[in-house]
């Protein structure tokens, strides 16, 4: 089932060979030395749980490598596309041969397969996932809407995950370690003062603050701004519609603030490449 979903995801994101030129055939499984397989330079996972790999190694020791690794040819050797945990576990056991399936794919397809597989299997932490989304957007101009359709996640979920990249690197590091959750990270984004943001992050770790407790603390230090926002009344329907249209066109978060006849438009970007992409869209380019 996962393989079918993965194929759909790749096809929806990256233009494929026309259907009439694709011939379905059973892919041959061959055995090679683990040393013949080079790491995937596009691997989105930045951290590997050593205990997880040791447990996998124990399973491989008892039952062998059940699922072949997906690779592509690279000169006289092979380059890994998917299955790095299996490869690491097999190497730790000193296994002499490992099953592989070879596919003839481009750099672009190799990157996409690695990203989509990891995202769909929920093996990435929130920061790795955000980087994966950003890589898709920067490298191939894939929109947030397209990513949400392919992965079966809401557009808001994709946007909120990308926003985590605005957090200080040390807080992102704690999220990668699992010491700060996705929900905590979202709440921290509401803090404008970076020093207070860092303090709250430490309190989450040292005091075990729940998300609700964190949100209450954040509200307690800015009661005036909360009341002022509440007093502005409901937003004009036309403004909300235009905001949604701009978000769709620019594939990023857009906020329109209007007061009487004047106002401003806030457009978010998440990297220099993303800024250039948005500028090109506004100017009418690709």
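The values are calculated or read from the model by the stated rules, or taken from the named source; none is laboratory data. Quick caveat, the model's predicted, so the values are computed rather than measured. Here the Cβ is made from the backbone with ideal geometry for all residues, glycine too, and neighbour counts use every protein chain on show.
At-a-glance table
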read-out	value
Conditions (1) in a helix (DSSP H, G or I); (2) within 21 Å of residue 267 (Cα to Cα); number of the one not met by residue 171	(2)
Among residues of the range 65-90, those that are outside any helix (DSSP H, G or I), surrounded by fewer than 20 Cβ atoms within 10 Å (Cβ to Cβ) and modelled with pLDDT under 90, counted	5
Residue tally, condition crowded, with 22+ Cβ neighbours inside 10 Å and at pLDDT below 90, over the range 145-176	1
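Conditions tested, residue by residue: (1) assigned to a helix (DSSP H, G or I); (2) in contact with a strand residue (DSSP E or B) (Cβ under 9 Å, 6 or more places away or on another chain); (3) at pLDDT 80 or above; (4) assigned by TED's automatic domain parsing to the domain that holds residue 170.
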{"position": "92", "(1), (2), (3), (4)": "yes, no, yes, no"}
{"position": "95", "(1), (2), (3), (4)": "no, no, yes, no"}
{"position": "101", "(1), (2), (3), (4)": "no, yes, yes, no"}
{"position": "105", "(1), (2), (3), (4)": "no, yes, yes, no"}
{"position": "112", "(1), (2), (3), (4)": "yes, no, no, no"}
{"position": "115", "(1), (2), (3), (4)": "yes, no, no, no"}
{"position": "118", "(1), (2), (3), (4)": "yes, yes, no, no"}
{"position": "122", "(1), (2), (3), (4)": "no, no, no, no"}
